[in-house]
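Chemist: Pasting a structure here, questions to come.
The values are calculated or read from the model by the stated rules, or taken from the named source; none is laboratory data. Just so we're clear, the structure is a prediction, and the values are computed from it rather than from any experiment. Glycine gets a Cβ as well: all are built from the backbone with ideal geometry, and neighbour counts include every protein chain shown.
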Amino acid sequence: MTEKTATAAPFILETTGLVKEFRGFVAVNGVDLKVRRGHIHALIGPNGAGKTTCFNLLTKFLPPTRGTIRFNGKDITNEAPQRIARMGMVRSFQISAVFPHLTVLENVRIALQRSLGTTFHFWKSGRTLDQLNERAMALLAEVGLESYARMVAVEMPYGRKRALEIATTLALDPEMLLLDEPTQGMGHEDVDRVMELIRKVSANRTILMVEHNMKVVSGICDAITVLARGAVLAEGDYASVSANPVVIEAYMGSEAAQLVAEGH
């Protein structure tokens, strides 16, 4: 544990009274969220619960109507997305966001280029990026993609593309990683692989993720926040949340919840 981690506040991300309204429709309604430093924290809920809107508020792709967001104790409510990325909170998306016609190595090198201060120096030779190869290969090794380094990204299996996206995100050296549906559309083998990857890259980092797959949530998450109709319905570990009759009703309906409670 570093000195910084040892002396830092226990919660890396906190929201107070977070609200988002769209022309009278309340998509996020008074959400108080606390994400503990070093945890893998899941944001779950039935369709239409407000998960994606909440995620967009946290990562500043939407401005909140009311409420505050604090990252590492600093109010980031009115900060721009690129600003909070530089502060150490970086987001991935549901749809893989890699450059499809570049190689895997080239994708990671582009993400690392920010450290050189040459991101928009298009007139310079590509050989100037060779100094990034060692670091890029180390990141690919971290996500199990070193053998794919020379492959063009478009030719990769879907699950491996998500691993590449995580590698490009790690190139920004985030303290907190926000993952939006990291296993969406995957088969069982890819889901298992990405679960292990998330567990691995969570070392010395905090992860907040929106996820529908309860196998993933139960398997790797330390804490869970359940949203319903834009508000926090329940919080806790998987055992307590999954046994909560209010959560069961939100997912399955009142009649099904009653059957579960009666042991049918």
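Chemist: Restricted to the stretch 196-213, and to residues that are aliphatic (A, V, I, L, M) and in contact (Cβ under 8 Å) with a residue 40 or more places away in the chain, which residue is surrounded by the most Cβ atoms within 10 Å (Cβ to Cβ)?
Modeler: Only one residue tops the list, namely L208.
Chemist: Can you find a residue that is of a type in the set (K, R), within 27 Å of G48 (Cα to Cα) and surrounded by 15 or more Cβ atoms within 10 Å (Cβ to Cβ) anywhere in the stretch 175-195?
Modeler: The answer is no; no qualifying residue exists.
Chemist: So which strands (runs of 3 or more DSSP E) are wholly in the stretch 185-264 and hold at least 3 residues that are closer than 24 Å to A163 by Cβ, at pLDDT 95 or above and in the same structural domain as L57 (by TED's automatic domain parsing)?
Modeler: 206-210
Rundown of residues vs (1) touching a helix residue (DSSP H, G or I) at 6+ places or on another chain (Cβ under 7 Å); (2) on the phi < 0 side of the Ramachandran plot; (3) assigned to a loop (DSSP other than H, G, I, E, B); (4) surrounded by fewer than 16 Cβ atoms within 10 Å (Cβ to Cβ), yes/no style:
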| site | (1), (2), (3), (4) |
| --- | --- |
| N29 | no, yes, no, no |
| D32 | no, yes, no, yes |
| L43 | yes, yes, no, no |
| F55 | no, yes, no, no |
| L62 | yes, yes, yes, no |
| I69 | yes, yes, no, no |
| V90 | yes, yes, no, no |
| P100 | yes, yes, yes, yes |
